[in-house]
1. Does region 150-158 include one or more residues that are farther than 22 Å from LYS62 by Cα, surrounded by 11 or more Cβ atoms within 10 Å (Cβ to Cβ) and in contact with a Leu (Cβ under 9 Å, 6 or more places away or on another chain)?
2. Specify which of the listed residues (GLY153, GLY105, GLY139) is in the same structural domain as LEU60 (by TED's automatic domain parsing), assigned to a loop (DSSP other than H, G, I, E, B) and not charged (D, E, K, R).
3. Just checking, which of ARG114, ARG81 is charged (D, E, K, R), surrounded by 13 or more Cβ atoms within 10 Å (Cβ to Cβ), touching a residue at least 12 places away in the same chain (Cβ under 8 Å) and under 18 Å from LEU186 (Cα atoms)?
4. Counting only residues that are under 11 Å from LEU60 (Cβ atoms) and not in a strand (DSSP E or B), which one in region 109-136 is modelled with the lowest pLDDT?
Amino acid sequence: MRGILGRKVGMTQLFDKSGAVVPVTIIEAGPCYVTQVKTAETDGYNAVQIGYEEVVERKLTKGQRGISLEYPDSNALAAVRVEEQKKAAAILGVHKIVFFDYQDGYLVPDLEIRRAVTRLIRSVRPDIVVSCDPHNYFGSETYLNHPDHPAAGQIVVDAVFPAVSNPSFFPELIDEGFPATRVSELWLSLPSQANVVLDVTEPVSYTHLTLPTIYSV
């Protein structure tokens, strides 16, 4: 079977030679990326798994305050973090990554940053948004979460609902060309109470990569 994934973007109509109206569905096809290849030798059958649309990654900060003996300068560390994220994103097939450049460790879920994230989501119009769980302050009995992580989650959650889908929130964004849209799913990583667990061991296998290649993701 041959085919390509697409998304319905609208309806229109055409007229044939006799003048009859012909309804037409407009489909935006692709991009479709090959995410996994199954073979009879290793999996018992042949198949290709594809993903639809491009993943857009955004970082609110550059993590420049995680200094160490190796990287005592925060500006130098920020440059390292940027390169790490670019290389990690490339491994995952993400070709578009942008940094908001808010200060690491000082992230606060205020209206200014909620507006910025709302603008971003409305511009990309994603089906799925992934962020942090805003309630995850304690990863375990011996681990205290970085304050930026739950703050980032709170910012994204507050943007996804109700700001992204409600045109009365930040109406100036409509004048900028970013009308309200709707996100189908919101995924929160490392939640305090998980309701979905995805086993990605098989489709996401990077055992052939060395640590110097991956860096610290």
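1. So far as region 150-158 goes, no, none of its residues is farther than 22 Å from LYS62 by Cα, surrounded by 11 or more Cβ atoms within 10 Å (Cβ to Cβ) and in contact with a Leu (Cβ under 9 Å, 6 or more places away or on another chain).
2. On the way: GLY153 fails: assigned to a loop (DSSP other than H, G, I, E, B); GLY139 fails: assigned to a loop (DSSP other than H, G, I, E, B).
GLY105 is the lone residue from the list that is in the same structural domain as LEU60 (by TED's automatic domain parsing), assigned to a loop (DSSP other than H, G, I, E, B) and not charged (D, E, K, R).
3. Numbers: ARG81 fails: under 18 Å from LEU186 (Cα atoms).
On inspection, the qualifying residue turns out to be ARG114.
4. LEU120
The values are calculated or read from the model by the stated rules, or taken from the named source; none is laboratory data. None of these values were measured; they are calculated from a predicted model. Backbone-built Cβ (ideal geometry, glycine too); neighbour counts: all protein chains shown.
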